[in-house]
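Just below is one structure, and these are the notes that go with it.
All of the numbers you see were taken from the coordinates with simple rules; none came from a lab. Not measured: the values here are computed from a predicted model. With ideal geometry, Cβ positions are generated from the backbone for all residues, glycine too; neighbour counts draw on all protein chains shown.
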Amino acid sequence: MIESLPATLLIAALVAVALIVYRRFDRRHPSPASLPNPAELTQGASILVIVCMVASAATAGVCYLVFGSENPIPATAVEPLLFPVPFAATLFVYIVTCAATGFYEEAAFRVVFQGLFERGFAGNGVIPRRCVLFAALLSSVLFAVMHVITPIPEGADLLHVGMQGVFKFLQGLLFGLVMTALLKRTGSLAVVAAIHMCYNLLFFLPWLAAAGSFPTTYLTGVSIDTIGLAITSICLVPAAVFSVRFLACGGQVQRPSDGESPC
């Protein structure tokens, strides 16, 4: 993990530059698919999303606490340390890595890619409020694919690797839709980046405790990882369903007083 921190920070810096350039362009040339954030937010829906996210991330921790000792992590699935370091230093680097990853993934997929895709769909005649949903689906698919393209440890159980690939794709897709909806609802990149960071912290903390380092792959071939990914995906479904309905309305909360038919 320590060896990969410079690369993570470099990616975050490059995405930050891209974000600045995109936002300057967006201010000068507003997208026809961009709709104002709703003035009123429904607390119940927000609580549902947060509960689903926490339950999803914490599931991995519970699985490792209960079954971790019976399912050792393959050495080939763990980033090797070139030199011994105190656990406190590893934990600090872990937190910084999660923070940087949360920022650059949200900035890239939920702001830059989402905005560009909305413009693309709008330019091809799609009605503005549907552009938001279509762009969210496309950016979330790319986000999910990025997380599935990962090394496979030597001697891994290919059946579990295949199942993990399916569940990881589903998890990434649902997670992307939820985070896009949260950004549309809050209008704050800092908020969604912080939520993403906390999700990663909860999800990977058992790895850090068990292996003392960061995983190099999501496809370990270990049965406990398959179970964890399956349950986390299920936990994200309710929040994703709400998010899709919200995004189908162009990123606005639909109320009877709006005088429009439901989306």
For HIS29, the net charge from surrounding residues (Cβ-Cβ under 12 Å; K, R +1; D, E -1) works out to +4
Between the modelled labels at VAL191 and ASP26 (7 Å from Cα along Cα→Cβ) the distance in nm is 1.5 nm
Residues other than GLY125 with Cβ under 14 Å of its Cβ, Lys/Arg counted +1 and Asp/Glu -1, net out at +2
Between VAL78 and residues 5 or more places away or on another chain, the pairs with built amide H atoms under 5 Å apart involve THR216
Net charge (Lys, Arg +1; Asp, Glu -1) of residues whose beta-carbon lies under 12 Å from that of ASN200, ASN200 excluded, is -2
Residues HIS29, HIS196, HIS160 in order from fewest to most other beta-carbon atoms within 10 Å are HIS29, HIS160, HIS196
For the ARG245, LEU14 Cβ pair and Förster radius 25 Å, calculated FRET efficiency rounded to 0.05 is 0.15
